[in-house]
Amino acid sequence: MKNFKTLLLITLMSSFCLTAQNKNTKKADKQFARFEFVKAAESYNDLVEDGKADAYVYGQLAESYYNIFNTEAAERWYAKALETSEKPEMVYKYSQMLKANGKYEASNQQMEKFASMRPADNRAIAFRKNPNYLPKILEQGKKFNVQNADFNSTQSDFGGTMHDGKLYITSGRNDSRKNYGWNDQPYLDIYTIVKNSDSTYQEATLANDKINTRFHEGLVSFTPDGKTMYFSRESYFEKDYQKDSLSSTRFSQLYLFKATKLGEDWDMVENLTINSQNYSVKNPSVSPDGQTLYFASNMPGGFGDFDIYKAAINTDGTLGTPENLGQKVNTEGQEMFPYISSNNTLYFSSNGHLGLGGLDVFYTKDIDGKLAPVRNVGIPINSNADDFAFIMDEEAGQGFVSSNREGGKGSDDIYEFKKLQPLFDVLISATVLDDKTREPISGASVTLFDEEGNKVVSKLTNEDGIAEFIVEAEKDSELEVVMDGFDSKKVPVEGTTEEENNIQVSLDPIEVLITPVNIVLAPIFFEFDQSNITAQAAFELDKLVQIMTKYPELVIHATSHTDARGPEAYNAGLSERRAKTTVQYVISKGIDESRISGTGKGESEPKIDCSAGCTKEQHAENRRSEFLIVSGAPMTE
């Protein structure tokens, strides 16, 4: 019985919402029907204050504010209306108002609801394909989640290259090896660890004796076809070393080798031609296309101790001449452990670039033959200890980094990580100037929009006329600059990988828009077959409001024009609705209704005669709004 009562109540409420127009709403409904949305909102608000409101009134209030782009009020009343009504289109509009107000998570929730209500709607389909399209809140801080891996030993463990479901690491856990003097731990070997389907790991297994020797073996890297493995090994195995004549101490180098996959194991180990008794070559990393080998070396001609080099991998498997990556990457210190990822981002460790202490992980990228600025990956990947052997699956956003930071199990430990935020950040520094005086403008509102047109954040310029934003690299954006007394501007900002993107925006006095006969605004665009004010239209109309506020004697008549496509009577009606909505928006901003009027001209006064046909661009020129000065024209220079 209780369930029946609830169902009955819902049914009654739904019916009531559909037929809620009554004598109480007659005045407001009439104003709404005449596109007098400001007055309609006032009348609906009076009903709310008198306790005579219901879901219909709340919905009409929301629609009134929606049409004049009062996003905060529209959001409030859509939320109220949706407490007792679940109309899909209202849910959609509510999500748009939430987004306009910067409430991205709440907007996504409403879009998900809308998509479930209308799954075949193209807007729903587009959202389902890319539900995370809203801008991320960009802030400095931790971009990775880092955890000590379960498979670490009490000895030195580092590396972490996945291949054929196995993780290849380098470890000193083999107690059967003799210890070496550096840290009194066993010589390093290459191990494989099988990764289970639940992301846990099996016990580490020693690679075969074709790979491991009684000397040190280091990091590995694989060609894209999986048939060749590059790895490092001490030159003692090749009986290559130098002997100090005084102390009789033997000094080895680190060499690079390659092994070939035969069946299920590795064999046919070869010494690479770039090796030399005079210097070390280590830390191999094969490029995603398999055509380049990156490595670290202290060969003569470098910029510091160890530098990062690359060499072409020829079609016959031989290597070309090593090429130093230059001073943008290499410093007077040590640059080692290069890793070239699937999107050609180069990660490496260095103690020469500014960091947190010891070796830090850095990154750069080749853009059209030029390396982007080198940047520190930041915490928690980096610490005040040595952080190295960074390897990441760019698609999955996860990988491994090695470190000797405090809290580990051994002297070097492997840490698993998951990327939480985009790694590439760019500082946009926008300077706003008075175009006439070239002086900075303080207090200007600068709003950042992402490449999808979503509002990210607004800031006021400081005393130097500067507002700064952090954005993801290589992503286009847009700045909207507004200041009282000046013509507002929208400035596209092209994505870049430079650390700073300095943008200068010069604003003209608002009077540049005033002619003796009219106010010249950019084209006012409406959605197809719609008459509500869009964000773009509001941006332009706010300039008109600013001028009319500054010059209180100014009286304006707005005309709305369509192109000649479509029935003449329909175009006349559409332009009339658009003209009235335009007028209502201006009134909603505080301009007295006696100072602004509007008329729809339809296709009767084309700017371009299309009787013999027009291009798409010419039709667009005919679709326009004009703002004619009736009286009170200001005296301008």
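The values are calculated or read from the model by the stated rules, or taken from the named source; none is laboratory data. What you are looking at is a predicted structure, and each value in this text was computed from that prediction instead of being measured. Because the Cβ atoms are built from the backbone with ideal geometry, glycine has one as well, and the counts that use them run over all protein chains shown. We work out accessible area using only protein heavy atoms, side chains counted, and drop any ligands, DNA or RNA first. Shrake-Rupley method; radii C 1.70, N 1.55, O 1.52, S 1.80 Å.
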Give me the residue from the stretch 295-316 that is at pLDDT below 95 and of a type in the set (Asp, Glu) and, out of that set, most open to solvent (accessible area, probe 1.4 Å). 316
Could we say that residue 582 is buried (at least 22 other Cβ atoms within 10 Å of the Cβ) and not in a loop (DSSP other than H, G, I, E, B) here? yes
Mind checking whether some residue in the stretch 251-267 is of a type in the set (D, E, K, R), touching a residue at least 24 places away in the same chain (Cβ under 8 Å), touching an Asp or Glu at 6+ places or on another chain (Cβ under 8 Å) and closer than 19 Å to residue 339 by Cβ? yes
Filtered residues of the stretch 286-300 (kept if among the hydroxyl-bearing types (Ser, Thr, Tyr) and within 19 Å of residue 253 (Cβ to Cβ)): 294, 297
Output the residues belonging to the stretch 53-70 that are without any contact (Cβ under 8 Å) to a residue 60 or more places away in the chain and open to solvent by 20 Å² or more (accessible area, probe 1.4 Å). 53, 54, 56, 58, 60, 63, 65
Among the residues of the stretch 447-470, is any open to solvent by less than 20 Å² (accessible area, probe 1.4 Å), part of a loop (DSSP other than H, G, I, E, B) and at pLDDT 90 or above? yes
Answer residue from the stretch 74-105, given it is among the acidic types (Asp, Glu) and part of a loop (DSSP other than H, G, I, E, B) and is surrounded by the most Cβ atoms within 10 Å (Cβ to Cβ) among those: 86
For the stretch 581-589, indicate whether the set of residues that are over 30 Å from residue 455 (Cβ atoms) and among the basic types (Lys, Arg) is non-empty. no
Filter the stretch 69-98 down to the residues that are within 15 Å of residue 538 (Cβ to Cβ) and under 26 Å from the mean Cα position of the chain (by Cα), then identify the one that is modelled with the lowest pLDDT. 96
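Here's the yes/no breakdown for (1) within 18 Å of the chain's Cα centre (by Cα); (2) without any contact (Cβ under 8 Å) to a residue 12 or more places away in the chain; (3) closer than 15 Å to residue 496 by Cα; (4) open to solvent by 50 Å² or more (accessible area, probe 1.4 Å):
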residue	(1), (2), (3), (4)
359	no, no, no, no
362	no, no, no, no
370	no, yes, yes, yes
377	yes, no, no, no
387	no, no, no, no
393	no, no, no, yes
397	yes, no, no, no
Wholly inside the stretch 375-445, strands (runs of 3 or more DSSP E) that include 1 or more residues that are charged (D, E, K, R) and in contact with a Phe, Trp or Tyr (Cβ under 7 Å, 6 or more places away or on another chain) are 413-419
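Rundown of residues vs (1) at pLDDT 85 or above; (2) touching a His at 6+ places or on another chain (Cβ under 9 Å); (3) crowded, with 20+ Cβ neighbours inside 10 Å; (4) on the phi > 0 side of the Ramachandran plot, yes/no style:
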{"site": "215", "(1), (2), (3), (4)": "yes, no, no, no"}
{"site": "222", "(1), (2), (3), (4)": "yes, yes, yes, no"}
{"site": "239", "(1), (2), (3), (4)": "no, no, no, yes"}
{"site": "256", "(1), (2), (3), (4)": "yes, no, yes, no"}
{"site": "278", "(1), (2), (3), (4)": "yes, no, no, no"}
If you scan the stretch 83-114, which residues turn out to be out of contact with any helix residue (DSSP H, G or I) (no Cβ under 7 Å at 6 or more places or on another chain) and over 19 Å from residue 70 (Cβ atoms)? 83, 86, 87, 104, 105, 108, 109, 112
Filter the stretch 317-357 for residues that are in a loop (DSSP other than H, G, I, E, B) and of a type in the set (Val, Ile, Thr); which is least open to solvent (accessible area, probe 1.4 Å)? 329
